[in-house]
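**Q** Submitted below is the structure of interest, expressed as structure tokens.
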Amino acid sequence: MSAPRILVDADACPVKEEIYKVALRHEVPVVVVSNQHLRVPPHPLLSRQVVSDGFDAADDWIAEQSAPGGIVITADILLADRALKAGARVLAPTGKPFTTSSIGAAIATRAIMADLRAGGDQLGGPAPFAKTDRSRFLQALDTAVVAVKRGR
């Protein structure tokens, strides 16, 4: 298992500050991946990876870097699937873990929703990001980091 590292699908990530807080407390490196220049606090454990603006360039970079011992933060279900297959732990910004047992249902639901939207159905988007999501994410990330550092 490789050393713990957090990879962040950062372009639309609402919990970057929470990630930095947990990572610095546990002394775990973070790579913020985006296709545009994002501000990352100056700290040796925090780095930025700017990829091309090509379709899925950030996802491709994160998937290639995913490995056992890594933690990927993303709301993208297909990226979550790729990272899980590489052996990483994956968390949504709401704190919901993606697992090998739950990812199949998430992909199927995503496909059904895409079909409904393509058929002209007006569907609401995801619920607004709430304070409880932020709190749940902090707890889930802390738990994931501790588990990775213990080799579980």
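The values are calculated or read from the model by the stated rules, or taken from the named source; none is laboratory data. The shown structure was predicted, so the numbers you read here are calculated from the model rather than taken from an experiment. Backbone-built Cβ (ideal geometry, glycine too); neighbour counts: all protein chains shown. Quick note on the areas: whole protein, heavy atoms, side chains included, nothing else; ligands and nucleic acids left out. Shrake-Rupley method; radii C 1.70, N 1.55, O 1.52, S 1.80 Å.
**Q** How many residues does the range 13-59 hold that are of a type outside the set (Phe, Trp, Tyr), assigned to a helix (DSSP H, G or I) and within 22 Å of Gly69 (Cβ to Cβ)?
**A** 11
**Q** Give me the helices (runs of 4 or more DSSP H) completely within the range 71-152, filtered to those with at least 2 residues that are modelled with pLDDT under 70 and of a type outside the set (Lys, Arg), ordered by residue number.
**A** 103-118
Residues are listed down the side, and each one gets a yes or a no for (1) hydrophobic (A, V, I, L, M, F, W, C); (2) open to solvent by less than 20 Å² (accessible area, probe 1.4 Å); (3) out of contact with any Gly (no Cβ under 9 Å at 6 or more places or on another chain):
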| residue | (1), (2), (3) |
| --- | --- |
| Val15 | yes, yes, no |
| Val33 | yes, yes, yes |
| Gln36 | no, no, yes |
| Pro44 | no, no, yes |
| Asp53 | no, no, yes |
| Asp56 | no, no, yes |
| Ser66 | no, yes, no |
| Ile71 | yes, yes, yes |
| Ala92 | yes, yes, yes |
